[in-house]
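Enquirer: To start, I am sharing the structure in question, which I have written as structure tokens.
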Amino acid sequence: MFHEVTYLILLNTGIIFEEIKFPVNQLRIVGLKEVLEVSKPRIIVLLVITAITSMYAASILIAHKPLDNMVLFHLIVAGALSSAGSSALNHYYDRDIDPLMKRTSTRPIPSGRMAARSVLVYGLAVSSISVIYAWFTLNPVSTFFIALGIFFYVIIYTVWLKRSNWSNIVIGGFAGSCASMAGWAAATGSMDTLGALVGILVFVWTPSHFWCLAMKIRDDYAEAKVPMLPVLIGMQKTSKYILLNTAILLPYSVMLVAFGLGYVYLGIALVSGGLMLVYHYKLTKTPTSDFAWKAYKVTAPYLTIIFVGIALDAAFHFPVIR
């Protein structure tokens, strides 16, 4: 059974753009699909994993107590909402350049499947709710890092740096670090040296990861006049910067054993970081978009692997330095 009245309401609010009749159930499915797209669920999952594993490690290694499941639940909710809200605001702000890039031209706003105003309202509402929710369910330090993550991703990266400076993704990568720090603080109520260093792992990893993607879609960024590194200095030089960044990431990750992490983490850090280093060295020899995509696929799982390694190290802790 078709409901024309429901359709007309959706049409007037800007959610539906073409005069086509849909069943009520189909409209609900389509709406959910668009909301998920602007929320960037893959980023949500990645950041929630870093927050969860950080909280677990801090509970065992620093707080010396079992994981608080209720606090964990609140962290997941607040973290997922903050990531979804800031991602939606990124979609809204980039609505003018997304149609220029093949990778983003089918997003809900440029494809006409969702009104820009709806995305803006959703992004602002969900981002605000995430901070308010965290304030009432987590401690002030965790809440601070959740809010800081939104600020860095939306204001520092999306609004300020993305279109103006090649360092956009370097500095903007700190937004991901905030998820780890929020998780660490959820267990400890504060931020210690190890928690900060663990969070900065995300910051150091991000350029190697994102510049590989930027090499793959260099022409898209050039068309949209976004000053990503491959657009400004070319593929060969960018590949060398990627290798340099990974050459910094590997010893940095290993250095964390000096601050309390153990042999389980050390083994995982050496293997995963070493694999990245090999691929990024090969990328300097073959600085093409196709090989950059292969390197990107190797780089992408690193963050999940290294943070799961941190959690496993806490569960089976054999310290390197006593």
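Enquirer: Mean-square fluctuation check for the chain, GNM, Cα pairs under 10 Å: which of Thr284, Thr193, Thr206 is largest?
Expert: The residue that fluctuates most here is Thr193.
Enquirer: One-quarter of the Cα convex hull surface for the chain, in nm²?
Expert: About 17.4 nm², averaged over all directions.
Enquirer: Follow-up. Counting each DSSP H run of 4 or more residues in the chain as -39500 (n - 2.57), what helix-only mean residue ellipticity at 222 nm follows after dividing by all residues, to the nearest 500 deg cm²/dmol?
Expert: Values: 15 runs with 227 residues, N = 322.
Computed ellipticity for the chain at 222 nm equals -23000 deg cm²/dmol.
Enquirer: Any chance you could look up the accessible area of Leu283 with a 1.4 Å probe, heavy atoms only, rounded to 10 Å²?
Expert: Leu283 exposes around 0 Å² with every protein chain in place.
Enquirer: Under the definition of Cα pairs under 8 Å and six or more residues apart, what whole-number percent is the relative contact order of the chain? Walk me through the intermediate numbers first.
Expert: Numbers: 518 pairs, mean separation 59.6, N = 322.
Here the relative contact order equals 19 percent.
Enquirer: Same structure again: Using the alpha-carbon centroid of each, what span in Å lies between segment 228-280 and segment 55-131?
Expert: 27
Enquirer: In a Gaussian network model over the chain where Cα atoms closer than 10 Å are linked, find which of Ala134, Ala179, Ala115 has the largest mean-square fluctuation.
Expert: Largest GNM mean-square fluctuation: Ala115.
Enquirer: Can I ask one more? Please go through the residue pairs Lys33/Lys65; Lys33/Lys237; Lys102/Lys297; Lys40/Lys65 and name each one whose alpha carbons sit more than 29 Å apart in this structure. Mind showing how you got there, number by number?
Expert: Values: Lys33/Lys65 40 Å; Lys33/Lys237 39 Å; Lys102/Lys297 19 Å; Lys40/Lys65 33 Å.
With Cα atoms farther than 29 Å apart: Lys33/Lys65; Lys33/Lys237; Lys40/Lys65.
Enquirer: Can you tell which of Phe151, Phe291, Phe136 shows the greatest fluctuation in a Gaussian network model of the chain with Cα springs below 10 Å?
Expert: Highest fluctuation of the listed residues: Phe136.
Enquirer: Using the beta-carbon distance between Asp192 and Arg117 and R0 = 41 Å, what value does 1/(1 + (r/R0)^6) give for FRET efficiency, to the nearest 0.05?
Expert: Numbers: r = 43 Å, r/R0 = 1.05.
It comes out at approximately 0.45.
Enquirer: Can you pull the accessible area of Leu36 for me, 1.4 Å probe, Å² to the nearest 10?
Expert: Approximately 90 Å² of Leu36 is accessible to the 1.4 Å probe.
Enquirer: Turning to a different aspect of this structure: Alpha carbon centre of segment 174-190 versus segment 294-322: separation in Å?
Expert: Using only Cα atoms to place each centre, the spacing works out to 17 Å.
Enquirer: If I take every Cα pair under 8 Å that is 6 or more residues apart in segment 196-301, average their sequence separation and divide by the length, what percent do I get for the relative contact order? Present the calculation step by step, with values, prior to reporting the outcome.
Expert: On the way: 106 pairs, mean separation 38.1, N = 106.
Value for segment 196-301: 36 percent.
Enquirer: Given a cut-off of under 8 Å on Cα pairs at least six residues apart, what relative contact order in percent is computed for segment 29-102? Mind dumping the intermediate values first?
Expert: On the way: 40 pairs, mean separation 32.4, N = 74.
Worked out over segment 29-102, it gives 44 percent.
The values are calculated or read from the model by the stated rules, or taken from the named source; none is laboratory data. Just so it is clear, the structure is predicted and the values come from calculations on it, not from any experiment. Neighbour counts are summed over all protein chains in view; Cβ atoms, including those assigned to glycine, are modelled from backbone coordinates with ideal geometry. Only protein heavy atoms, including side chains, enter the accessible area calculation; ligands, DNA and RNA are left aside. Shrake-Rupley method; radii C 1.70, N 1.55, O 1.52, S 1.80 Å.
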